[in-house]
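Before any comments, here is the structure.
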Amino acid sequence: MILASQLRKAFNAGTASEKVAISGVDLQVGSGEFVAVIGGNGAGKSTLLNLLAGAILPDEGSIEIDTVAVTRVPEYARAKMVARVFQDPMIGTAPSLTVQENMTLALMRAEGRGLRRALTMSRRDTFRQSLAHLRLGLEDRLDALAGELSGGQRQALSLAMATLCPLKLLLLDEHTAALDPRTSELVMEATVSLISRSELTTLMVTHNMEHALAYASRIIMMNAGQIVADIGADEKKGLTVADLVARFRIKDDRMVLSA
Ligand SMILES: Nc1ncnc2c1ncn2[C@@H]1O[C@H](COP(=O)(O)OP(=O)(O)O)[C@@H](O)[C@H]1O
Ligand SMILES: [Mg+2]
């Protein structure tokens with residue numbers, strides 16, 4: 001269970017360019033929930049994820065992960081509990097290392113162990129298996145350089161690396177947005193398969209309303225640093241993309257959406 005209470009974060013505080021990115025955010029996410037986070041540009045979505053990951057610390061409020069208070073715990077110390085995948089396929093993986101080496105690095109980071117211990121034959125099989133589940137052909141490319149993979153394969157590799165070890169929270173920040181529509185669907189399917197197999201608690205920022213409606217168990221809408229709507233599974237069932245867009249427009253007609 002993720003519990004965020006009264007989170008506030010301002011950038012450039014006390015200067016003329018002060019920007020309150022998040023204010024008064026309360027959020028409770030149960031174990032295994034898959035929450036889509038939607039909202040226009042600048043709504044505070046990435047800042048919320050950054051706060052949960054510990055990449056930035058809040059000015060006010062608190063965060064608990066499975067009853068452990070992590071509010072002031074820095075990102076590296078949360079890495080065993082929280083993993084992230086970003087929009088840019090170039091960010092999550094090291095291009096000059098092979099798929100297997102990238103996976104091994106992720107394992108070392110998560111387990112804090114040495115390379116020799118991690119690089120065994122059984123690891124290779126484990127890697128191959130977890131990559132095969134993603135259905136992007138990565139299981140046959142363990143020795144390929146990550147830099148030679150397609151964008152979709154790199155995002156799938158980032159996902160596999162993020163979820164190699166047991167996690168309390170997976171954060172996806174528009175992780176399919178830079179991909180072409182077809183690849184975006186494939187990576188989304190891989191994501192859903194991963195999440196449901198591991199019953200991962202997940203927050204996914206997306207501009208894709210169809211993905212939010214089809215795959216998430218709950219949709220949170222953000223605007224101007226606040227959560228302005230929280231749509232649970234029951235309410236979500238009857239909604240269409242058009243309904244969601246309409247709700248958006250009512251909240252703020254400046255919002256830019258793509259379905
Ligand atoms: N490091 C930063 N320094 C200054 N302002 C920032 C920083 N990060 C985000 N902001 C501002 O905070 C607001 C929320 O940003 P962000 O969380 O990235 O929005 P979203 O992900 O919903 O597009 C925006 O106005 C943005 O310009
Ligand atoms: Mg963002």
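Numbers at a glance
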read-out	value
Options Val70, Val37, Val29, Val20; residue that is away from ligand 2 (no atom under 13 Å from the Cβ), closer than 26 Å to Ala214 by Cβ and not aromatic (Phe, Trp, Tyr)	Val29
Verdict on Glu189 being under 28 Å from Lys80 (Cβ atoms), among the acidic types (Asp, Glu) and within 12 Å of the chain's Cα centre (by Cα)	no
Hey, Ser5 out of contact with any Gly (no Cβ under 7 Å at 6 or more places or on another chain) and of a type in the set (Ser, Thr, Tyr) or not	no
Count of residues meeting criterion [under 21 Å from Val25 (Cβ atoms) and in contact (Cβ under 8 Å) with a residue 24 or more places away in the chain] in region 65-82	6
Pairs where the first residue, in region 50-62, is more than 12 Å from ligand 1 (Cβ to nearest atom) and the second is among the polar types (S, T, N, Q) and not in a strand (DSSP E or B), C-beta under 6 Å, 6+ apart	Ser62/Thr71
Close pairs (6 angstrom Cβ cut-off, 6 or more residues apart or separate chains): within 16 Å of Ser196 (Cα to Cα) in region 209-225, surrounded by fewer than 19 Cβ atoms within 10 Å (Cβ to Cβ) anywhere	Tyr215/Val192; Ser217/Ala233; Arg218/Gly232
Region 5-18, residues that are part of a strand (DSSP E or B) and more than 17 Å from Thr71 (Cβ to Cβ)	Phe11
All positions within region 10-41 that are within 19 Å of Asp88 (Cα to Cα) and more than 8 Å from ligand 1 (Cβ to nearest atom)	Ala36, Val37, Ile38
Pair list, Cβ < 9 Å and 6+ apart or interchain, from region 170-183 residues that are farther than 20 Å from Gly32 by Cα and more than 13 Å from ligand 2 (Cβ to nearest atom) to residues that are of a type in the set (Val, Ile, Thr) and part of a loop (DSSP other than H, G, I, E, B)	Thr176/Thr206; Thr183/Thr176
Matching residues, region 209-226, being of a type in the set (A, V, I, L, M, F, W, C) and either surrounded by fewer than 21 Cβ atoms within 10 Å (Cβ to Cβ) or away from ligand 1 (no atom under 16 Å from the Cβ) (or both)	Leu213, Ala214, Ala216, Ala224
Members of region 54-94 that are within 28 Å of Leu145 (Cβ to Cβ) and surrounded by fewer than 22 Cβ atoms within 10 Å (Cβ to Cβ)	Ala55, Glu75, Tyr76, Ala79, Lys80, Phe86, Gln87, Asp88, Met90, Ile91, Ala94
Counted residues, region 137-162 - those being buried (at least 20 other Cβ atoms within 10 Å of the Cβ) and under 19 Å from the mean Cα position of the chain (by Cα)	11
Among (1) surrounded by 14 or more Cβ atoms within 10 Å (Cβ to Cβ); (2) at pLDDT 95 or above; (3) among the charged types (D, E, K, R) - the single one Asp26 does not satisfy	(1)
Inter-residue pairs, beta-carbon under 7 Å, first open to solvent by 70 Å² or more (accessible area, probe 1.4 Å) and in region 1-21, second outside any strand (DSSP E or B) and more than 14 Å from ligand 1 (Cβ to nearest atom), 6+ apart	Met1/Gly30; Met1/Ser31; Met1/Asp66
Residue count for region 178-196, restricted to those that are within 17 Å of Thr93 (Cα to Cα) and open to solvent by 30 Å² or more (accessible area, probe 1.4 Å)	1
Condition broken by Gly44, with the remaining ones in (1) open to solvent by 50 Å² or more (accessible area, probe 1.4 Å); (2) within 29 Å of Arg247 (Cβ to Cβ); (3) within 16 Å of ligand 1 (Cβ to nearest atom); (4) not aliphatic (A, V, I, L, M) satisfied	(1)
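Table: residues versus (1) at pLDDT below 95; (2) open to solvent by 30 Å² or more (accessible area, probe 1.4 Å); (3) out of contact with any Leu (no Cβ under 8 Å at 6 or more places or on another chain).
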site: Arg116; (1), (2), (3): yes, yes, yes
site: Arg124; (1), (2), (3): yes, yes, no
site: His133; (1), (2), (3): yes, yes, no
site: Leu164; (1), (2), (3): yes, yes, no
site: Leu170; (1), (2), (3): no, no, no
site: His207; (1), (2), (3): yes, yes, no
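The values are calculated or read from the model by the stated rules, or taken from the named source; none is laboratory data. Predicted, not measured: the structure shown is a model, and the values here were computed from it. Note that we place each Cβ from the backbone using ideal geometry, even for glycine, and neighbour counts take in every protein chain shown. In case anyone asks, the SASA skips ligands and DNA or RNA and just uses the protein heavy atoms, side chains included. Shrake-Rupley method; radii C 1.70, N 1.55, O 1.52, S 1.80 Å.
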